[in-house]
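Asker: Shown below is the structure under consideration.
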Amino acid sequence: DQQVKQNSPSLSVQEGRISILNCDYTNSMFDYFLWYKKYPAEGPTFLISISSIKDKNEDGRFTVFLNKSAKHLSLHIVPSQPGDSAVYFCAATHSGTYKYIFGTGTRLKVLA
Amino acid sequence: DTAVSQTPKYLVTQMGNDKSIKCEQNLGHDTMYWYKQDSKKFLKIMFSYNNKELIINETVPNRFSPKSPDKAHLNLHINSLELGDSAVYFCASSRSDRVKYNEQFFGPGTRLTVL
């Protein structure tokens, strides 16, 4: 039972345009969500997070949107750069647990 | 000045062997994790230790035994390796602040291939 889903395995975007990566979850107990970025042969690195009490969090070119009623979050990257080409994982957790559930990732390719 | 390090980076071994993967973090974190990323790219938690105490133990075969000698180290020992154990294993660490959530810092991964 996959509680966090990233239904798009890959995405290609032109440099300078917006990249939108999507993530859906099923567990209504989740109250904290994170995005990680992963380059080949490296471990995931933390990018941005959002608490369920917010619907938006912004950090530079990266913005995460949370729609609790739809159990959906998205990561926007504007403008996209070739160095953003990586696999992006969303993850979710809830209070009282150290357990983070990860999606299967979306491979983003930013074309120069 | 690597934050979370794992050794070895690659491990190729025969079925039935016993092997260990070591993990060390120099971030001063008190919670450490082992994740398995299988061929379908699922990143699934296996174990978590907080202050050397086991706090998460997912339905992992008991051939897998984590050991935390101190807060900075979490090793993974695997007995009687099977073909299905082939995967990339990631170690991670985080602070465990009761007030707020904390992101995890991951090691570079260990690619285990069982022949």
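Asker: Report the far tail of the P(r) of chain A, meaning the percent of Cα-Cα pairs longer than 25 Å. Please list the in-between numbers first.
Answerer: Numbers: 981 of 6216 pairs.
Cα-Cα pairs of chain A separated by over 25 Å account for 16 percent.
Asker: If you count, for every residue in B:52-60, the Cβ atoms of partner chains within 10 Å of its Cβ, what is the mean? Spell out each step's value before the answer.
Answerer: Numbers: counts 0, 0, 0, 3, 4, 0, 1, 0, 0.
Taking the mean over all residues of the peptide, I get 1.
Asker: Within the stretch A:1-38, what residues put their amide N at less than 18 Å from the label point 7 Å along the Cα-to-Cβ vector of B:Asp38?
Answerer: What the label zone holds, given the 18 Å backbone N cut-off, is A:1-6.
Asker: Over the Cα atoms of chain B, how large are the radius of gyration and the largest Cα-Cα distance (Dmax), in Å?
Answerer: Spelled out, the Cα radius of gyration and Dmax of chain B are 13.6, 46 Å.
Asker: To continue, here is another question. Given Cα pairs under 8 Å that are at least 6 residues apart, what percent is the relative contact order of chain A? Provide the component values of the computation, followed by the final result.
Answerer: Numbers: 271 pairs, mean separation 41.5, N = 112.
Once normalised by length, the contact order is 37 percent.
Asker: Shifting gears a bit: Under 24 Å between alpha carbons: how many lysine pairs meet that in chain A, if sequence neighbours fewer than 8 apart on the same chain are excluded?
Answerer: For chain A, qualifying lysine pairs total 26.
Asker: Next up: Compute the FRET efficiency between B:Gln14 and A:Ser95 as 1/(1 + (r/R0)^6), taking r as their Cβ-Cβ distance and R0 = 45 Å, and round to the nearest 0.05. The partial results should precede the final answer.
Answerer: Numbers: r = 44 Å, r/R0 = 0.98.
The computed FRET efficiency comes out at 0.55.
Asker: Continuing with this model, one more query. Let me see the P(r) profile for the protein assembly as shown: every Cα-Cα distance counted, bins of 10 Å, each bin given as a percent of all pairs.
Answerer: Going out from 0 Å in 10 Å bins, the protein assembly as shown shows 8, 33, 35, 20, 5, 0 percent.
Asker: Students often check this: by mean Cβ neighbours within 10 Å, which of A:44-54, B:101-111 ranks highest, and how do the rest follow?
Answerer: On the way: A:44-54: 17.0, B:101-111: 21.3.
Order by mean packing, descending: B:101-111, A:44-54.
Asker: Per residue of the stretch A:37-53, what does 6.51 cos²θ - 1.76 cosθ + 1.60 with θ = phi - 60° give for ³J(HN,Hα)? Whole Hz please, x for Gly and Pro, Karplus curve as stated.
Answerer: My calculation for the stretch A:37-53 gives 10, 9, 8, x, 6, 10, x, x, 10, 5, 10, 7, 9, 8, 8, 5, 7 Hz in order.
Asker: Pop the C-beta distance of A:Ser74 and B:Ser96 into the FRET formula with R0 = 30 Å and round what comes out to the nearest 0.05. All intermediate terms of the calculation are to be shown ahead of the outcome.
Answerer: Working: r = 29 Å, r/R0 = 0.95.
FRET efficiency, A:Ser74 to B:Ser96: 0.55.
Asker: Using a Förster distance of 41 angstrom, determine the FRET efficiency expected from the C-beta separation of A:Arg61 and B:Ala72, and round it to 0.05.
Answerer: Details: r = 34 Å, r/R0 = 0.83.
The pair A:Arg61/B:Ala72 has a calculated efficiency of 0.75.
Asker: On a straight-distance basis, which aspartates and glutamates could pair with B:Lys36 in a cross-link, Cα separation under 15 angstrom, same-chain partners fewer than 8 positions away excluded?
Answerer: Those aspartates and glutamates meeting the cut-off are A:Glu42, B:Glu58, B:Glu82, B:Asp85.
Just so you know, all these numbers are worked out from the coordinates, no wet-lab data involved. Because the structure is a prediction, the values reported are computed rather than measured. Here the Cβ is made from the backbone with ideal geometry for all residues, glycine too, and neighbour counts use every protein chain on show.
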